[in-house]
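Participant: Starting off with a structure, shown below.
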Amino acid sequence: MTQDPTALRIEFLSARAGRLGYELVQQRSSADLWQLLDAEDGDTVLATLPLADVEKWLNQ
């Protein structure tokens, strides 16, 4: 059984964010918007953005 490419991308980015000390969180109001939170205190590190923008930010 193959997994959905979008689900794999989210899983990869979530793991990557975790290694960098962040938590990737999907917005309840929109499936297309995401935030990065500080994994220790939950503070917003990156405001609500599309997944592609979060990925670009993690690449910096």
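Any read-out appearing in this document is the output of simple, stated calculations on the displayed coordinates, not a laboratory observation. It should be emphasised that the depicted structure is a prediction, and the values quoted were computed from it without experimental measurement. Using ideal geometry, Cβ is built from the backbone for each residue, glycine included, and neighbour counts are taken over all protein chains shown.
Participant: On the given criteria, is LEU36 part of a strand (DSSP E or B), without any contact (Cβ under 8 Å) to a residue 60 or more places away in the chain, in contact with a helix residue (DSSP H, G or I) (Cβ under 7 Å, 6 or more places away or on another chain) and not aromatic (Phe, Trp, Tyr)?
Facilitator: In short, yes.
Participant: Filter region 2-31 down to the residues that are of a type in the set (D, E, K, R) and surrounded by 12 or more Cβ atoms within 10 Å (Cβ to Cβ) and list them by number.
Facilitator: ARG9, GLU11, ARG16, GLU23
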